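The values are calculated or read from the model by the stated rules, or taken from the named source; none is laboratory data. Model, not experiment: these values are computed from the prediction. Here the Cβ positions follow ideal geometry from the backbone for every residue, glycine too, while neighbour counts run over all protein chains shown. Each accessible area value is taken on the protein alone, full model and side chains, heavy atoms only, with ligands, DNA and RNA left out. Shrake-Rupley method; radii C 1.70, N 1.55, O 1.52, S 1.80 Å.
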Amino acid sequence: MQGLMMNLPLTISALIRHAANFHGDTEIVSRRIEGGIHRYTYADAHGRIRQLANALAALGVKPGERVGTLAWNGYRHFEIYYAVSGSAAVCHTINPRLFPEQITYIINHAEDRFVFLDLTFLPLVEKLAPLCPGVSGWVLMTDREHMPASTLPNLLCYEDLIHGHGDEFEWPELDENSASSLCYTSGTTGNPKGVLFSHRSTVLHAFAACLPDALNLSARDVILPVVPMFHVNAWGLPYSCALTGAKLVFPGAAMDGASIHELFETEGVTCSAGVPTVWLGLLQHMERNGLRFSTLRRTVIGGSACPPAMIRSFEQDYGVQVLHAWGMTELSPLGTVNSFKAKHAALDAEQRLALQGKQGRPIHGVEMKIIDDDGKALPHDGQAYGNLMVRGPWICRQYFRGEGGDPLIDGWFPTGDVATIDGDGYMQITDRSKDVIKSGGEWISSIDLENTAVGHPAVAEAAVVGVPHPKWDERPLLLVVRKPGATLEREEMLRYFEGRVAKWWIPDDVVFLDQLPHTATGKLLKTRLREQFRNYGLPTG
Ligand code: AMP
């Protein structure tokens, strides 16, 4: 017997329609690339989104066709998200921090019809445009006044493009399983692979992200996504904010600590989200200048492991709750968020901190298990570690254009992460499977060692890689960036591990560096470090 409820498809256009109808005067504030602050409302945004939808139709963009973006977090990017997906085309966000060859590959692989770009990326696009013959037009996200001279023959101006188009547009009632947006994973090996999100997966993910034990979003919040809109749709925040009617604040290209802190304060930001490296810069700026947060209540930190020292600093020095989260592009991206259960109310500060170092509990919609190399399920005891497998309605089942074949194993997506799951359902990543250090047949977690190292007050950032060892196969080598002006030597660093990790986990040596390499999404570039230190002579070797 069928239920007798309405069968309306879950579509992205319904999110912005809802925000405009019921939170019409709520603001969207952006730091503009051209300078200054731009301010308007959800109602204004919906008007301009529909103008853009009309403009896309006039350009001949068809359902399912890809429209690329090379852009920072800002109001025009927000408009493109909704206009492109809402009118049945696919919004393809491109990470401008990738190498130009990768960007060219991605644009051509996605077969982008048009690409929208911020002023920052014009020099880049002028170089790669001749290699992207399929792109009919490049749209500069600015007004006539700021249009620079350019050699690009098919360069359009965003404001000119939408000008003269009406702000009425009948959003099509789409099949909820049709594609809405596309994001390539920045794999460290091989070509990037496209994850093709659907309207249904995006809306379900947006609902789940708002839950109290997830990001706890509401119409009383002011959200500043530091995580870029080119990195898994800014973790879905442009959708979740419209769904809840939260005020949105976009930082534009200014991602330094001072600019972010200024926006937090002037706009009354209550919640933010980003990767640990961004918060590192912000916390250093706060410390140097003796600053406080007057409105910030919580921040979501994920994308790579959030060191307990960072959680401690946010919570104890600044009174800001940290929501440690784990996810991946293939998961839209949210998989787990770390929030407490009622039973944890009695924990003391140190116990709470230890728990928060874990990546958190699965949000309903994400099923999770760990298996050994033979596929056998491992117990959820917080000790056994294995390959983390997931499934759910916002998890990728295949990459765009079949790239990489069938990624699933018995209907589960292998994350490539190694993790434990404890009896309360808290998952902890011990490593990316490629980064695990295999010493004498046992595994050493590089993340644990890095977290311990950054607990030392003189350490700004740390990475641990396995280096070949004649007796133990591999031993850990610690790479450290000292805090500006701090002094720290090898012996003191190694002593710091004593009593904090198992004795045989203590790194065999320390190398001090001025900086560590990062990927285009802010993760430590371990492949580069492993390559660089492949022949490193360990004192124990
Ligand atoms: P991406 O698809 O670029 O977002 O990368 C996803 C990968 O980032 C995951 O498979 C993890 O290896 C890593 N990652 C994301 N969040 C965390 C976290 N909180 N702790 C440790 N690793 C993380």
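The table below gives the values:
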{"item": "Normalised contact order of the chain, rounded percent, pairs of Cα under 8 Å and 6 or more residues apart", "result": "10"}
{"item": "Distance (nanometres) between label positions extended 7 Å along Cα→Cβ at residue 1 and residue 376", "result": "4.6"}
{"item": "In Å², nearest 10: area of residue 131 left accessible to a 1.4 Å probe", "result": "110"}
{"item": "The range 479-541 and the range 300-376: distance between their alpha carbon centers, rounded to Å", "result": "24"}
{"item": "Nearest-ten-degree value, helix 42-59 long axis tilted from longest Cα axis of the chain", "result": "70"}
{"item": "Exposure ranking of 494, 59 by accessible area [1.4 Å probe, largest first]", "result": "59, 494"}
{"item": "Whole-Hz ³J(HN,Hα) from phi, Karplus 6.51 cos²θ - 1.76 cosθ + 1.60, for the range 481-488, glycine and proline x", "result": "9, 6, 5, x, x, 7, 10, 6"}
{"item": "Using alpha-carbon coordinates, inclination of helix 257-267 to the longest axis of the chain, degrees", "result": "50"}
{"item": "Antiparallel bridge percentage (DSSP; both residues within the range 437-532; nearest 5)", "result": "75"}
{"item": "Fraction of antiparallel bridges per DSSP, the chain only, in percent to nearest 5", "result": "55"}
{"item": "Between the range 77-96 and the range 174-234, the Cα center-to-center distance that results, in Å", "result": "12"}
{"item": "Cβ-placed point charges (K, R +1; D, E -1), dipole of the range 114-228 about Cα centre in debye, nearest 20", "result": "600"}
{"item": "Share, in percent, of DSSP beta bridges within the range 178-257 that are antiparallel, nearest 5", "result": "75"}
{"item": "Accessible-area value, residue 151, 1.4 Å probe, nucleic acids and ligands omitted, Å²", "result": "120"}
{"item": "Degrees separating the helix 199-210 axis from the principal Cα axis of the chain, which is the longest one", "result": "60"}
{"item": "Built amide H within the under 5 Å cut-off of residue 10, gap 5+", "result": "176"}
{"item": "Point-to-point label distance, residue 287-residue 342, nm (Cα→Cβ direction, 7 Å offset)", "result": "3.9"}
{"item": "Calculated FRET efficiency for the pair residue 27/residue 525, C-beta based, R₀ 35 Å, to 0.05", "result": "0.40"}
{"item": "Cross-link pairs beyond the 22 Å C-alpha cut-off, checked among 376/523; 247/358; 341/376; 193/523; 434/483; 471/503", "result": "376/523; 247/358; 341/376; 434/483"}
{"item": "Accessible-area ranking of 438, 369, largest first, probe 1.4 Å", "result": "438, 369"}
{"item": "20 Å cut-off, amide nitrogen to a point 7 angstrom out along residue 492 Cα→Cβ, residues in the range 286-316", "result": "288, 309-310"}
{"item": "Given charges at Cβ of Lys, Arg, Asp, Glu: the chain dipole, positive-most of 336, 156, 440", "result": "440"}
{"item": "Residue order for 1, 6, 255 - accessible surface, 1.4 angstrom probe, largest first", "result": "1, 6, 255"}
